[in-house]
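Down below is the structure, laid out as structure tokens.
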Amino acid sequence: MKTKNTTLVSKAYRLTRAERPLSYMLSSRHSVRSPLLHFDEEKGINRPLRYARNQKTPFEDEQDGNAILEPVVFEDGMLYVQRENQILQQFLHFHPGNGMIFEEINESKDASVELEYVELEIDAQVLAKDLPTEKLISISRMLMGNVANSLTTPQLKRDILIYAKNNPEDFIETVNDPLLDLQNEVHGFLDAGFIAFRNNNKDVYYNLPGNKKKMITIPFNEDPNYVITSYLQSDEGIEAYKFLKKRLNKEK
């Protein structure tokens, strides 16, 4: 509740959902079907809320019998409450949907979040710009698949810079992924023909002079490169990985 030193200001609120309806009516009174309770720490009880503009409090147990109820409606996902309507501001403050269904707009907080994202974009682009060619190719293969093999170095740099700007967090995580080098080697094994897909890319087989055996089956909807990488890291596949890596190094 306000104190003598409180400065009354108008406030704006927005729905938290990504897709905001043209009109959304917020539950504005406590009921069994739609409970609106605020736990009072001092009294140790749950107190029912009810919005009535002609009352002096949003708590139903402090209101008189002449409460005139009004709807609380968000238009285009927004609700503006003038400084004169302190009851509605207090009601929204104590509302259990505050922070989940809706939130008060805090321009300073929004600016901080936006600044953090802009800085992340810059960090990602600087990281992308300074990638050595070999790392650039590895990243491109992970993010774009085999299409990266048909692009020139300038094309890869352009596409990676664009990706880093649009998906900074994902790009930074990809660059720092400890499996990156191993996944790039898997691409090398496939490109060299040491392993190959069969049965509509459902199975992976060795394709070596003395070994044409099946390596693994790719589970439905899983990334083949990731599955192969995981297998080659396992106790069962580590020896195969060492052999394939040694053979790939001889080919270079």
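Before moving on, here are some points about what is shown:
- Residue, surrounded by the most Cβ atoms within 10 Å (Cβ to Cβ), within the stretch 175-207, restricted to residues that are in a loop (DSSP other than H, G, I, E, B) and among the charged types (D, E, K, R): ASP177
- Here the condition is being surrounded by 15 or more Cβ atoms within 10 Å (Cβ to Cβ), closer than 30 Å to ASN167 by Cα, out of contact with any Leu (no Cβ under 6 Å at 6 or more places or on another chain) and hydrophobic (A, V, I, L, M, F, W, C); of ILE101, ILE105, it holds for ILE101 alone.
- Each residue in the stretch 215-236 was checked for being touching a residue at least 12 places away in the same chain (Cβ under 8 Å) and of a type outside the set (Val, Ile, Thr), and 7 pass.
- Scanning the stretch 6-52 for residues that are without any contact (Cβ under 8 Å) to a residue 60 or more places away in the chain, assigned to a loop (DSSP other than H, G, I, E, B) and surrounded by 13 or more Cβ atoms within 10 Å (Cβ to Cβ) yields ARG20, HIS30, TYR51.
- Residue ID - surrounded by the fewest Cβ atoms within 10 Å (Cβ to Cβ), chosen from residues in the stretch 232-252 that are modelled with pLDDT of 85 or more and of a type in the set (A, V, I, L, M, F, W, C): ILE238
- Looking at VAL227, VAL204, VAL186, just one residue is of a type in the set (Val, Ile, Thr), touching a Pro at 6+ places or on another chain (Cβ under 8 Å) and within 29 Å of LEU127 (Cα to Cα), and that residue is VAL227.
- Verdict on ASN149 being within 24 Å of PRO21 (Cα to Cα), surrounded by fewer than 16 Cβ atoms within 10 Å (Cβ to Cβ) and more than 19 Å from the chain's Cα centre (by Cα): no
- If you go through the stretch 206-230 and keep only what is under 15 Å from LEU182 (Cα atoms) and touching a helix residue (DSSP H, G or I) at 6+ places or on another chain (Cβ under 8 Å), you end up with ASN225, TYR226, ILE228, THR229.
- Only residues that are more than 16 Å from ASP123 (Cα to Cα), in contact (Cβ under 8 Å) with a residue 40 or more places away in the chain and aliphatic (A, V, I, L, M) were counted in the stretch 140-176, giving 1.
- Exclusive hit being modelled with pLDDT under 90, closer than 20 Å to GLY145 by Cα, under 34 Å from the mean Cα position of the chain (by Cα) and of a type in the set (Val, Ile, Thr), set THR229, THR217: THR229
- When restricted to residues that are surrounded by 18 or more Cβ atoms within 10 Å (Cβ to Cβ) and either under 13 Å from VAL118 (Cβ atoms) or acidic (Asp, Glu) (or both), the stretch 165-174 contains 1.
- Applying the criterion of being of a type in the set (D, E, K, R) and part of a loop (DSSP other than H, G, I, E, B) to the residues of the stretch 63-110, the residue that is farthest from PRO48 (Cα to Cα) is ASP76.
The values are calculated or read from the model by the stated rules, or taken from the named source; none is laboratory data. Remember, predicted model here, so these are calculated numbers, not experimental data. Neighbour counts run over all protein chains shown; Cβ positions are idealised from the backbone, glycine included.
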